[in-house]
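Computed from the coordinates by the stated procedures, all read-outs in this text should not be read as laboratory data. This one's a predicted model, so the numbers in the text were calculated from it and none came from an experiment. When we count neighbours, we look across all protein chains shown, and the Cβ atoms used for this are built from the backbone with ideal geometry, even at glycine.
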Amino acid sequence: MDLWWLLWISLLFLVPFILMEISSGFKFHFKLVYYCAMCLLLSALAAPMCLLTNGGRTVNNMRIISRVVRTLKYFFGVRFEVKGLENFQIDGPCVIISNHQSILDMMGLMEILPDRCVQIAKKELMYAGSVGLITYLGGVIYINRKRTSDAKSIMAAVAQAMISDNLKVWIYPEGTRNNSGDLLPFKKGAFHLALQAQVPIIPVVYSSLTSFYNQKKNLFTGGTVKVEILPKIDTSGLTENDITDLTERCHQTMRQVFFRLSNKPYESNGQSNCAQ
Ligand SMILES: CCCCCCCCCCCCCCCC(=O)SCCNC(=O)CCNC(=O)[C@H](O)C(C)(C)COP(=O)(O)OP(=O)(O)OC[C@H]1O[C@@H](n2cnc3c(N)ncnc32)[C@H](O)[C@@H]1OP(=O)(O)O
Ligand SMILES: CCCCCCCC/C=C\CCCCCCCC(=O)OC[C@@H](O)COP(=O)(O)O
């Protein structure tokens, strides 16, 4: 008898909990699907605009794409508070690096995208239907992350194109999405690229999304993202031997800003910040 009571009481508490979990999980996944559907729809609308205006694959399409993507934030209640836009005002090419938390990041990227800027993306993005098509039309550079040697040779060609075509290149040096509330160690491709092209690096930091977007908690509501564009970091005169130092310096600077913007106390991690 005692056991039955225990079972009933546990059920009384468990059922609403399970229902709440299912409904919040449902809401979360529904909103994610809605986000992807909006991306697919907007890309399908933007593609003919790009083709009619610019004819084919060109960085000039990024102006159209960024204007279209900027409307997305109104559907999802996301606001951006941007500081340091003046740091983008440099003549000529540069490498822009920023932290990467989720698929929502391309809203933040497009919010501040400077002129003549393309992104480096994993090659799988090419096959994401109309989103793949729009990234192709915008001049996104695809790399195979599993084949370092291929990625290196593509990036060596990108270094030359940056100079000849006056291009800025946006890279997520963490190399993957990371919603942990900290930065992952940085991969080195962005820093090799800046050195090969002998162009400055401009770090951009977005505050943590975890207060309104958190996969572990099935949370996806609206919220504000603080964005800071930091002063450029010169690479002139640096050589291959300086890559590790440069990578660590950028990681540390961005991590400090990330914690400040996310209103979290800075935690020194005491480890190497470069991916091994
Ligand atoms: C309209 C509606 C909406 C539509 C929507 C539109 C959206 C339109 C926006 C799209 C927006 C896209 C956004 C996508 C975002 C992602 O897809 S993020 C994922 C793809 N991006 C990246 O991975 C970039 C960062 N990764 C890197 O840079 C990596 O270094 C690489 C190049 C992939 C190589 O990977 P790895 O081998 O794992 O990396 P790593 O440990 O750094 O390097 C290994 C060795 O190679 C060396 N190395 C690395 N790179 C180089 C190099 N370039 N040269 C010489 N040596 C090198 C390193 O120094 C290291 O050697 P050691 O120093 O240890 O001796
Ligand atoms: C006919 C084929 C239909 C395919 C349907 C594909 C559905 C996908 C639709 C929309 C996706 C919108 C995503 C916007 C682009 C965001 C780019 C992005 O953030 O990619 C993630 C990448 O940085 C890192 O990937 P991983 O964290 O390593 O993984």
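In the range 2-275, taking the dipole from charged Cβ atoms about the Cα centre, the farthest positive-side position among PHE13, LEU113, MET155 is held by PHE13.
The Cα center of the range 203-255 and the Cα center of the range 72-115 differ in position by 11 Å.
For LYS146, the aspartates and glutamates whose Cα falls under 18 Å of its own Cα, not counting residues fewer than eight places away in the same chain, are GLU124, GLU174.
Amide H contacts of GLY223 (H built 1.01 Å from N, in plane; Pro and chain starts excluded): VAL78, ARG79 sit under 5 Å, all sequence-distant by 5 or more or on other chains.
Taking only DSSP H segments of four or more residues, each worth -39500 (n - 2.57), what value at 222 nm results for the chain once the sum is divided by all its residues, to the nearest 500 deg cm²/dmol?
-15500 deg cm²/dmol
Each Lys and Arg adds +1 at its Cβ and each Asp and Glu adds -1 at its Cβ; summed about the Cα centre, the range 124-218 shows a dipole of about 280 debye.
Going by average Cβ density within 10 Å per residue, which order do the peptides 188-195, 224-231 take, highest to lowest?
Taking the mean over residues of other Cβ atoms within 10 Å, the ranking is 188-195, 224-231.
In the range 2-275, a dipole from Cβ-located charges (positive for Lys and Arg, negative for Asp and Glu) runs towards its positive end, and of SER43, PHE220, PRO93 it is SER43 whose Cα lies farthest in that direction.
When peptides 118-124, 203-209 are sorted by average Cβ neighbour count within 10 Å, with the highest value leading, the order is 203-209, 118-124.
Cross-linked pairs LYS168/LYS226; LYS73/LYS226; LYS187/LYS232; LYS83/LYS122; LYS27/LYS122; LYS83/LYS264: Cα-Cα separations exceed 25 Å for LYS83/LYS122; LYS27/LYS122. Taking the charge dipole of the range 144-276 about its Cα centre, with +1 at Lys and Arg Cβ atoms and -1 at Asp and Glu Cβ atoms, the residue from MET254, ASN166, PRO231 reaching farthest to the positive side is MET254.
Placing unit charges on the Cβ atoms only, positive for Lys and Arg and negative for Asp and Glu, gives the range 2-275 a dipole magnitude near 520 debye about its Cα centre.
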